[in-house]
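The values are calculated or read from the model by the stated rules, or taken from the named source; none is laboratory data. Computed from a predicted model, the values in this text were never measured in an experiment. Don't worry about glycine lacking a Cβ; one is built from the backbone with ideal geometry, like all the others, and counts go over all protein chains shown. For the accessible areas, the whole protein counts, side chains as well, though only heavy atoms, and no ligand, DNA or RNA atoms are used. Shrake-Rupley method; radii C 1.70, N 1.55, O 1.52, S 1.80 Å.
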Amino acid sequence: MTDTTALDTVFAALADPTRRAILTMLLEDDMAVTDVAEPFEISLAAISKHLMILTKAGLISQEKRGRVKWCKLEPDALKAASVWMQGFGQFEPVNLDAFERFLKEELGEG
């Protein structure tokens, strides 16, 4: 995967509010898939799909411990995206929701 493709994959994963919420949950600790799914009013299959997207983007890793599948945040995956975004904000924090709206407007989707 090229750097550009990897960056595209990370931003695509971050574009969804459910996936951002999952990442926020994983900031505190590793979680079982069923615990990740609990606060959401969507099916376990839908959560699994979100987790697969986050895994493919390298933002989380999943491992089986006994019969339980666990999710772990991989914060290093955000480094390239963070460096890219800092170039636009002179090292100020980026509001990802506002950034998503900006991208939709620029791409004619909003």
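Against the conditions (1) farther than 27 Å from Asp3 by Cα; (2) exposed (fewer than 15 other Cβ atoms within 10 Å of the Cβ), Ala37 satisfies every one except (2).
Residue by residue, here is whether (1) within 14 Å of the chain's Cα centre (by Cα); (2) β-branched (Val, Ile, Thr) holds:
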residue: Ile47; (1), (2): yes, yes
residue: Ile53; (1), (2): yes, yes
residue: Ile60; (1), (2): yes, yes
residue: Lys64; (1), (2): no, no
residue: Ala81; (1), (2): yes, no
residue: Trp84; (1), (2): no, no
residue: Asp97; (1), (2): yes, no
residue: Glu105; (1), (2): no, no
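Restrict the check to the stretch 48-71 and report whether at least one residue is modelled with pLDDT under 95, surrounded by 11 or more Cβ atoms within 10 Å (Cβ to Cβ) and part of a helix (DSSP H, G or I). Scanning the stretch 48-71 turns up no residue that is modelled with pLDDT under 95, surrounded by 11 or more Cβ atoms within 10 Å (Cβ to Cβ) and part of a helix (DSSP H, G or I). Restricting attention to the stretch 10-34 and to residues that are open to solvent by 40 Å² or more (accessible area, probe 1.4 Å) and polar (S, T, N, Q), the residue that is nearest to the chain's Cα centre (by Cα) turns out to be Thr24. Please verify whether the stretch 13-22 includes one or more residues that are more than 20 Å from Phe99 (Cα to Cα), touching a residue at least 12 places away in the same chain (Cβ under 8 Å) and not in a loop (DSSP other than H, G, I, E, B). Among the residues of the stretch 13-22, not one is more than 20 Å from Phe99 (Cα to Cα), touching a residue at least 12 places away in the same chain (Cβ under 8 Å) and not in a loop (DSSP other than H, G, I, E, B), which makes the answer no. For the stretch 72-89, what are the residues that are loosely packed, with under 14 Cβ neighbours inside 10 Å and either touching a His at 6+ places or on another chain (Cβ under 6 Å) or of a type in the set (Phe, Trp, Tyr) (or both)? Answer for the stretch 72-89, where residues must be loosely packed, with under 14 Cβ neighbours inside 10 Å and either touching a His at 6+ places or on another chain (Cβ under 6 Å) or of a type in the set (Phe, Trp, Tyr) (or both): just Phe88.
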